[in-house]
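*Asks:* Sharing a structure with you now.
The values are calculated or read from the model by the stated rules, or taken from the named source; none is laboratory data. None of these values were measured; they are calculated from a predicted model. Reconstructed Cβ throughout: ideal geometry from the backbone, glycine too, with neighbour counts over all protein chains shown. All accessible areas refer to the heavy atoms of the entire protein, side chains included, with ligands and DNA or RNA removed. Shrake-Rupley method; radii C 1.70, N 1.55, O 1.52, S 1.80 Å.
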Amino acid sequence: AAEAGVATVPGFMGEVTEAAEAVRIAREIGYPVMLKASAGGGGKGMRIARNDSECREGFAAARSEAESSFGDGRLFIEKFIEEPRHIEIQILGDAQGNLVHLGERECSIQRRHQKIIEESPSPFVDARMRAEMGAQAVALARAVGYRSAGTVEFIVDAAHNFYFLEMNTRLQVEHPVTECVTGIDLVEQMIRIAAGESLGFAQEDVAFRGWAVESRIYAEDPYRGFLPSIGRLTRYCEPPKAEGVRVDSGVFEGAEISLYYDPMIAKLITWGETRESAIGRMRDALDAFYIRGIAHNIPFLGAVMGHPRFREGRLSTDFIDTEYGDGFHGAPLDQELADMMMAAACFMHAVECSRAAQVAGRMREVRGPQEHDWVILIDGRQETAGILPTRDGARVRLGERELALASAWVPGNPVFSGEIDGKGVTIEVDRLSLGYCLMSRGAAVRVMVLEPQVAALMPLMPEPVDGGSSRTLTCPMPGLVVSVAVAPGDEVKAGQALVVVEAMKMENILRAERDGVVEKVNVKPGDSLAVDDVIIEFA
């Protein structure tokens with residue numbers, strides 16, 4: 001890349017074979033550094049080190065992960081750019097020497113160095129910067145005589161300086177956003193190039209229209225630090241087909257998600273004339289993407305789409321660490337969303353009561369809601385409510401507020417969709433023994449619609465007590481034990497690495513939550529673990 005005139009990140013590009021050598025090189029480059037697998041991709045075999053201790057630990061983890069994922073444990077080290085953006089250029093080249101770039105994709109929203117949200121174009125890149133990055137990407141591809149589709153990845157700092165990271169000589173997961181904004185089918189072009197055809201267009205023929213966003217749907221639990229989740233897809237309902245909405249998936253209802261493969265189960269792509277409209281479609285589509293049986297990251301994706309910093313385009317690869325440093329606990333429930341959820345719950349409850357009143361030996365067509373007064377419990381507070389049927393729905397009273405609701409929802413439908421005061425709303429619905437669990441825009445809340453006399457008794461109900469123990473380390477997800485760092489009798493400090501467990505091609509370090517003394521270790525490398533298996537017992 002350097003020989004081709006491409007800007008490169010300071011670093012040591014030779015093979016690093018020992019932890020001591022990694023520490024020496026890291027000191028020469030200057031912390032922080034990134035240890036990266038030479039054969040890497042998808043965030044695997046990558047660790048950030050800010051001191052000698054993290055460098056030694058990261059070297060062992062990155063090398064082991066690289067060998068497991070790629071059969072190649074070679075590592076190199078480069079300078080880690082603070083507050084970086086990850087922006088890449090899509091290129092196409094044929095056997096006749098024609099090369100073009102198809103603009104950029106921003107892939108800065110990442111966790112564990114693995115992309116989860118991508119978009120094209122980037123809100124950070126202007127026409128001049130796009131031309132410069134594109135020219136360098138094409139120069140690199142030309143220098144190696146590249147043909148087919150490929151991606152040249154750059155790290156970009158706050159001053160718009162960009163540095164070459166790597167070239168992916170394949171189709172990228174996020175390629176659909178480029179297809180949406182250029183109208184060029186990358187897979188078709190790859191096949192034509194492989195067949196010896198030349199590109200049917202030049203750089204000046206490439207035009208960009210609108211904005212596209214992609215969300216990766218992962219089988220992982222954002223409420224538990226994005227730990228992998230396995231199990232059967234007991235329900236799998238993709239968003240309905242609509243303009244500007246595309247789903248790429250390889251799973252189906254009833255399929256089994258195992259611990260042996262990457263956790264991505266689908267890609268959701270939306271397009272709009274503007275970035276705001278593409279994000280709006282994405283939020284609606286995420287709310288309509290109903291998955292049960294495993295934990296998944298859809299609530300987190302919905303929360304990011306509504307995050308002010310994301311909406312403003314102020315992105316960096318440390319976005320998740322910065323904005324969700326203490327973990328993900330759901331998106332905030334603002335008053336507008338709370339009103340929509342209460343109105344929807346009131347309507348659904350009224351429809352269910354209407355149906356229940358009709359059942360006398362056989363099912364009849366479900367009638368609309370009947371006029372009634374209730375008390376709603378939501379997010380630790382009460383709200384008086386009432387409903388008055390209308391021709392296309394109902395008018396719902398919440399305290400002194402009144403909302404017009406229109407919906408064709410029927411009992412059993414896992415997604416409520418309709419309009420509330422003229423605004424489209426989509427809410428996932430899980431029926432509970434008492435009330436509903438409603439999810440929308442990354443927020444999840446339990447809503448109960450009660451008769452006033454029942455609501456008056458609710459404060460008398462005892463609260464459940466968490467009887468959790470601090471004397472054991474349990475496995476938070478299914479996986480295989482890679483290594484154990486302690487033995488009986490060892491004193492451990494809070495935050496100390498205890499065990500490494502591999503799941504879905506990622507190594508997860510389990511650390512001590514508090515100081516203690518190891519009494520018993522119940523596992524050894526190579527053991528298979530299930531959720532909540534006791535790994536270590538403390539005195």
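*Asks:* Working carefully through the options R431, R441, find the one that is basic (K, R) and at positive phi.
*Replies:* Working: R431 fails: at positive phi.
Matching residue, one of R431, R441: R441.
*Asks:* Restricting to the range 374-389, name every residue that is closer than 19 Å to P332 by Cα, open to solvent by 70 Å² or more (accessible area, probe 1.4 Å) and not polar (S, T, N, Q).
*Replies:* The answer is D379, G380, R381.
*Asks:* Among the residues of the range 185-200, what is the count of those that are touching a residue at least 12 places away in the same chain (Cβ under 8 Å) and within 23 Å of E273 (Cβ to Cβ)?
*Replies:* Number satisfying all stated conditions: 1.
*Asks:* Only one of G424, G442 is under 19 Å from C237 (Cα atoms), among the small types (G, A, S) and either touching a Cys at 6+ places or on another chain (Cβ under 8 Å) or open to solvent by less than 70 Å² (accessible area, probe 1.4 Å) (or both). Can you tell me which?
*Replies:* Values: G424 fails: under 19 Å from C237 (Cα atoms).
Answer to the selection: G442.
*Asks:* What single numbered condition from (1) out of contact with any Asp or Glu (no Cβ under 8 Å at 6 or more places or on another chain); (2) free of Cβ contacts under 8 Å to residues at least 12 places away in the same chain; (3) on the phi < 0 side of the Ramachandran plot fails to hold for G380?
*Replies:* (3)
*Asks:* R170 versus (1) open to solvent by 60 Å² or more (accessible area, probe 1.4 Å); (2) over 24 Å from the mean Cα position of the chain (by Cα): which is the lone unmet condition?
*Replies:* Of the numbered conditions (1) open to solvent by 60 Å² or more (accessible area, probe 1.4 Å); (2) over 24 Å from the mean Cα position of the chain (by Cα), the odd one out for R170 is (2).
*Asks:* Let me ask something else about it. Can you find, within the range 496-538, the residue that is farthest from S483 (Cα to Cα) among those that are in contact (Cβ under 8 Å) with a residue 60 or more places away in the chain and of a type in the set (G, A, S)?
*Replies:* So the first thing to find is which residues in the range 496-538 are in contact (Cβ under 8 Å) with a residue 60 or more places away in the chain, and the list is 497, 500, 502-509, 534-538.
Add one more test, that the residue is of a type in the set (G, A, S), and what stays is 497, 503.
Details: A497: 10, A503: 13 Å.
Restricting to residues being in contact (Cβ under 8 Å) with a residue 60 or more places away in the chain and of a type in the set (G, A, S), the top hit is A503.
*Asks:* Has the range 12-26 got at least one residue that is within 29 Å of the chain's Cα centre (by Cα), under 30 Å from R170 (Cα atoms) and either polar (S, T, N, Q) or open to solvent by 30 Å² or more (accessible area, probe 1.4 Å) (or both)? If you could, list the steps in order and put the result at the bottom.
*Replies:* Within the range 12-26, the subset within 29 Å of the chain's Cα centre (by Cα) is none.
For the range 12-26, residues within 29 Å of the chain's Cα centre (by Cα), under 30 Å from R170 (Cα atoms) and either polar (S, T, N, Q) or open to solvent by 30 Å² or more (accessible area, probe 1.4 Å) (or both): absent.
*Asks:* Filter the range 16-69 down to the residues that are among the charged types (D, E, K, R), assigned to a helix (DSSP H, G or I) and touching a helix residue (DSSP H, G or I) at 6+ places or on another chain (Cβ under 8 Å) and list them by number.
*Replies:* Residues of the range 16-69 that are among the charged types (D, E, K, R), as a first pass: 18, 21, 24, 27-28, 36, 44, 47, 50, 52, 54, 56-57, 63, 65, 67.
Of the ones still in play, those that are also assigned to a helix (DSSP H, G or I) are 21, 24, 27-28, 52, 54, 56-57, 63, 65, 67.
Answer for the range 16-69, where residues must be among the charged types (D, E, K, R), assigned to a helix (DSSP H, G or I) and touching a helix residue (DSSP H, G or I) at 6+ places or on another chain (Cβ under 8 Å): R27, D52, R56.
*Asks:* Would you confirm, using the coordinates I've provided, whether F208 is open to solvent by less than 50 Å² (accessible area, probe 1.4 Å), of a type in the set (F, W, Y) and within 28 Å of E312 (Cα to Cα)? First the steps, then the outcome.
*Replies:* Values: open to solvent by less than 50 Å² (accessible area, probe 1.4 Å): no; of a type in the set (F, W, Y): yes; within 28 Å of E312 (Cα to Cα): yes.
Taking the combined requirement at face value, the residue does not satisfy it.
*Asks:* A follow-up question, please. Do the conditions hold for E371, that is, is it touching a Pro at 6+ places or on another chain (Cβ under 7 Å), surrounded by fewer than 17 Cβ atoms within 10 Å (Cβ to Cβ) and modelled with pLDDT under 95?
*Replies:* Details: touching a Pro at 6+ places or on another chain (Cβ under 7 Å): yes; surrounded by fewer than 17 Cβ atoms within 10 Å (Cβ to Cβ): yes; modelled with pLDDT under 95: yes.
It is true that E371 is touching a Pro at 6+ places or on another chain (Cβ under 7 Å), surrounded by fewer than 17 Cβ atoms within 10 Å (Cβ to Cβ) and modelled with pLDDT under 95.
*Asks:* Just give me the residues in the range 517-539 being surrounded by 15 or more Cβ atoms within 10 Å (Cβ to Cβ) and among the hydroxyl-bearing types (S, T, Y), in sequence order.
*Replies:* Within the range 517-539, no residue meets the criteria.
*Asks:* Can you find even one residue in the range 84-96 that is at pLDDT below 95, surrounded by fewer than 21 Cβ atoms within 10 Å (Cβ to Cβ) and over 30 Å from V213 (Cβ atoms)?
*Replies:* no
*Asks:* Something else: Go through the range 480-516 residue by residue and tally those that are open to solvent by less than 50 Å² (accessible area, probe 1.4 Å), farther than 26 Å from A295 by Cα and either modelled with pLDDT under 90 or of a type in the set (D, E, K, R) (or both).
*Replies:* Count: 0.
*Asks:* Of the conditions (1) open to solvent by 30 Å² or more (accessible area, probe 1.4 Å); (2) of a type in the set (D, E, K, R); (3) over 22 Å from the mean Cα position of the chain (by Cα), R112 fails just one. Which one is it?
*Replies:* Result: R112 passes all but (3).
*Asks:* If a residue must be surrounded by 14 or more Cβ atoms within 10 Å (Cβ to Cβ) and touching a residue at least 24 places away in the same chain (Cβ under 8 Å), how many such residues does the range 402-413 contain?
*Replies:* Total satisfying the criteria: 4.
*Asks:* Got a number for residues in the range 181-205 being open to solvent by 70 Å² or more (accessible area, probe 1.4 Å) and of a type in the set (V, I, T)?
*Replies:* Of the residues in that region, 1 qualify.
*Asks:* Between residues in the range 316-335 that are within 16 Å of I117 (Cα to Cα) and residues that are open to solvent by 50 Å² or more (accessible area, probe 1.4 Å) and at pLDDT below 95, which pairs lie under 6 Å by C-beta distance while being six or more apart or on different chains?
*Replies:* Correct list of pairs: S316/E83.
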